[in-house]
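Comments concern the structure below.
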Amino acid sequence: SGFGSPPNYAPKFPQSTELMVLMRHPEASAHAMAHKTLHVMRRGGMHDQLGGGFHRYSTDRKWLVPHFEKMLYDNALLVPCYLDGYRQTQDGRFAGVARTTLDYLLREMRAEAGGFWSSQDAQSEGVEGKFFVWELAEVQQLLGPDAAMVAKVLGISRSGNWEHTNVLWLANEGAATAAFEGARNTLFEAREERIKMATDDKVLASWNGLTLTALCDGYRALGDERYLVAAKQCAAFMLDNLVTAGRVTRSFQGEQARHQGYLEDHVSLAGGLLSLFEVESDPRWLAAAQEILAQTAEHFHADDGAFWFTADDHEELLARTKSASEGAIPSGNAMAAQAFLRGGLLLGDDRLYQLGLGVLRAYHELLMKSPASAPSLMLATQFHLGAPKEVVIAGDPGDERTHRLLQVAWNTFPQPCVVTCIH
């Protein structure tokens with residue numbers, strides 16, 4: 001399950017975008033690979049079984065023992081990935097993972113003003129993982145007669161599974177009784193009393209763009225208004241503090257915006273604003289995305305159809321580069337392709353759509369030879385080749401009938417489309 005390199009097949013990182021490509025592939029075997037990986041990650045110790053959200057990566061090939069740091073971008077990318085799994089299978093366990101991950105982001109990673117912080121440390125009290133691990137005796141003391149059942153479900157033993165303590169994982173889901181949820185909440189509340197990890201309180205534009213998309217996708221699939229409210233507050237914060245006339249600043253910390261934005265900052269935020277417009281129909285979000293895309297086209301576009309990493313008026317670097325190969329987050333070029341394709345459809349502007357298409361043409365050879373190195377660009381390609389539909393639903397979004405139509409349009413999978421509600 002998942003993608004690892006020989007000989008150890010570890011560490012293993014959650015490759016959300018690769019799984020999303022597989023779920024859009026016509027072959028059922030590709031779906032099976034993706035779903036199996038989603039289940040094993042969901043059950044493993046890399047997934048915080050008490051508080052929701054995912055740690056950065058697994059140190060072993062079984063997804064059991066994580067590196068305990070939690071990153072905003074991982075969680076933002078895993079939400080739409082699990083929601084795709086839910087849409088494809090109707091397996092409520094996938095929806096549950098998306099829900100608890102979003103709830104974790106709202107609870108622990110959100111600034112009061114609406115932006116989202118970058119990461120939480122692996123260490124607390126100077127010890128790796130101390131906040132997250134358990135000894136059997138602690139669990140017995142807290143849970144009494146339910147301890148044996150919970151220990152069986154969460155793989156807790158006297159000897160432990162990591163450095164004489166226990167990383168919690170879903171070892172035996174089927175052993176859970178009706179008391180399990182209550183017992184899990186008891187453990188969570190007890191854990192909240194521990195000394196917490198430090199949080200990096202930088203608000204990064206590109207990572208917040210991904211989070212905006214995740215919140216909107218959570219609202220589309222799960223119908224929880226809290227995610228829509230948080231998305232609107234996040235978007236308003238970004239536009240008020242990090243965007244000036246369509247140019248995006250990279251980060252915000254200590255009441256100050258810093259550093260000229262790169263390609264990924266512009267197109268990730270534009271993509272998030274387009275997602276918000278699709279679920280909320282407020283023209284403010286569409287106009288803001290349009291302005292950012294216009295500035296991106298003006299200052300980042302290259303002659304070959306791709307986009308440069310830095311703007312034409314950026315401080316001088318040794319070399320101006322461009323790439324579509326994916327690192328921890330989707331490449332700027334992949335997010336540009338997605339944002340220009342979607343923006344072109346939502347705005348009825350073929351020139352924008354052609355700019356997105358230009359990126360796919362510029363990296364045609366890479367997509368042919370090494371698609372696994374650029375999965376988000378593959379997602380943009382799948383979107384374009386799927387002949388995306390423009391779905392317009394006329395009616396009051398507050399009307400239950402309109403909302404039912406919207407939910408069908410939002411959650412049809414894998415048919416690519418953009419959705420607008422007019423009233």
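The values are calculated or read from the model by the stated rules, or taken from the named source; none is laboratory data. Not measured: the values here are computed from a predicted model. Cβ placement follows ideal geometry from the backbone for every residue including glycine, while neighbour counts extend to all protein chains displayed. Heavy atoms of the whole protein, side chains included, go into the accessibility calculation; ligands, DNA and RNA do not. Shrake-Rupley method; radii C 1.70, N 1.55, O 1.52, S 1.80 Å.
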Open item on the list: Going by average Cβ density within 10 Å per residue, which order do the peptides 388-401, 235-248 take, highest to lowest?
Closed with: 235-248, 388-401
Open item on the list: Report the per residue volume, in Å³, of the convex hull enclosing the C-alpha atoms of region 313-423.
Closed with: 152
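Which order do the peptides 59-71, 1-13, 346-358 take when ranked by the mean count of other beta-carbon atoms within 10 Å per residue, highest first?
59-71, 346-358, 1-13
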TODO: Would you mind telling me which residue in G144, G344, G271 has the biggest mean-square fluctuation in a Gaussian network model of the chain, where springs connect alpha carbons within a distance under 10 angstrom?
DONE: G144
- [ ] Might you tell me the accessible area per residue for region 342-423, computed with a 1.4 Å probe and given in Å²?
- [x] 52
Open item on the list: Between E173 and K196, how high is the FRET efficiency from 1/(1 + (r/R0)^6) when r is the Cβ-Cβ distance and R₀ = 30 Å? Nearest 0.05.
Closed with: 0.60
Task: By average C-beta atoms within 10 angstrom, highest first, the peptides 192-200, 319-327 - done: 319-327, 192-200
Task: Cα-based reach from K130 at 12 Å (exclusive), listing aspartates and glutamates while leaving out same-chain residues under 8 positions away - done: E69, D121, E163
Open item on the list: Please compute the modelled spin-label separation between E315 and S29, points set 7 Å along Cα→Cβ, answer in nm with one decimal.
Closed with: 5.2
Task: Long-range HN-HN contacts of S124 with modeled amide H, under 5 Å - done: G129, K130, F131
TODO: Jot down the per residue volume, in cubic angstrom and as a whole number, of the convex hull over the alpha-carbon atoms of the chain.
DONE: 156
- [ ] Would you list which aspartates and glutamates come within 18 Å of K369, measuring only between C-alpha atoms, while excluding same-chain residues fewer than 8 positions from it?
- [x] E18, E326
Task: Per residue, in Å², the accessible surface of region 77-183 once ligands and nucleic acids are set aside, probe 1.4 Å - done: 43
TODO: Sort out for me the Cα centre separation of region 54-74 from region 263-300, rounded to whole Å.
DONE: 31
Task: Most mobile listed residue (Q233, Q15, Q90) in the chain, GNM with C-alpha springs under 10 Å - done: Q90
Open item on the list: Compute, for region 138-187, the length of the dipole vector about the Cα centre, with Cβ point charges of +1 (Lys, Arg) and -1 (Asp, Glu) only. Units Debye, rounded to 20.
Closed with: 80
Task: Percent of beta bridges antiparallel (DSSP, the chain, rounded to nearest 5) - done: 80
Task: Most mobile of A95, A205, A147 in a GNM of the chain (Cα contacts under 10 Å) - done: A147
Open item on the list: Accessible area of the chain with a 1.4 Å probe: how many percent of it is carbon plus sulfur?
Closed with: 51
Task: Helical contribution to [θ] at 222 nm, DSSP H n ≥ 4, -39,500 (n - 2.57), averaged over the chain, rounded to 500 - done: -16500 deg cm²/dmol
- [ ] Anything over 25 Å Cα to Cα? Flag those among K36/K322; K36/K70; K62/K322; K152/K196, in the order listed.
- [x] K36/K322; K62/K322; K152/K196
Open item on the list: Can you classify region 57-185 as rounded, prolate or oblate using the Cα gyration tensor, where a ≥ b ≥ c are the square roots of its eigenvalues, rounded means a/c under 1.5, and otherwise it's prolate if a/b beats b/c and oblate if not?
Closed with: oblate
